[in-house]
Every structure is written in structure tokens, then in C-alpha cells.
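Down below is the structure, laid out as C-alpha cells.
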Amino acid sequence: MSIKWGEKSGVERTYDNSGGKTWYLVVEAKTPQGRAFPLRLTDSETGKMATVTRFGLQVPSSEYNKVRSDKRDNGHIDNPTVGKKSPGRLAFSYSRSTDGKIIMEW
């Protein structure tokens, strides 16, 4: 999984009822050859399942701000990798701090 080039790389949600916030990095699942790879995921906000290649991965504000600052420096993210899935494994291992919650609309 990596942050997609040339598109929005982050989403900040503010919840009016509670005043709470969440932050997401917009990522794309890819094969080792760099092709988009569809995943069947459940949106943490709506509970709906869908097959997608791009989605928002929830991260702490510190991680979100780190990526935002990196992109502001020169217009691109120097280390766009967010996580990987090893062959024979069902779960992803993340290279950035996350709880694994995702959104599919922003």
C-alpha cells in the first residue's frame, strides 16, 4: 500500500456532535509490479463493504502531519509506503502508525 501520486494524500474528519477529529492517509493497494490491486474492505464509518483499490487509512494526527509536511517540502511524499502484505499472510503489516480503520469516501 502506498500513498497515490498526483492526488489528495490526506483527509481530516471533524465530527460536529462530539468535536472529535480523525485523520486518514489516502492510499492505493498495489501488486509487487506496481499495478492497482482490488481489496474487499468495510468502511469504518458506514459499515458498508466494497471492493476498492484506493481508500483512507486512519492514522494519528502526528503521522498525518508528518506526511503533510513532507509533501509541502517539495510537492511529493519521499516515502509513500504505508504497509505491505507478505505472501501467505492474511493481514497487512504497516510501516506507519495506524489502527487499520478505513474510509472509502472523502
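Before moving on, here are some points about what is shown:
- Some residue of the stretch 29-40 being touching a strand residue (DSSP E or B) at 6+ places or on another chain (Cβ under 8 Å) and β-branched (Val, Ile, Thr): no
- Matching residues in the stretch 37-57 - criterion: being in contact with a Pro (Cβ under 8 Å, 6 or more places away or on another chain) and farther than 19 Å from Asp99 by Cβ: Thr51, Thr53
- Here is the figure for the stretch 77-103: residues that are surrounded by fewer than 16 Cβ atoms within 10 Å (Cβ to Cβ) and within 16 Å of the chain's Cα centre (by Cα) total 12.
- Identity of the residue in the stretch 24-72, aromatic (Phe, Trp, Tyr) and outside any helix (DSSP H, G or I), that ends up surrounded by the fewest Cβ atoms within 10 Å (Cβ to Cβ): Phe37
- Cβ-Cβ under 7 Å pairs, at least 6 apart or on other chains, the stretch 73-98 side in a loop (DSSP other than H, G, I, E, B) and at pLDDT 85 or above, far side aromatic (Phe, Trp, Tyr) and open to solvent by 70 Å² or more (accessible area, probe 1.4 Å): Val82/Tyr94
The values are calculated or read from the model by the stated rules, or taken from the named source; none is laboratory data. Note that the structure is predicted; figures quoted are calculated from it, not measured. Virtual Cβ from ideal backbone geometry, glycine too; neighbours counted across all protein chains shown. Surface areas here come from the heavy atoms of the whole protein model, side chains and all, with no ligands, DNA or RNA. Shrake-Rupley method; radii C 1.70, N 1.55, O 1.52, S 1.80 Å.
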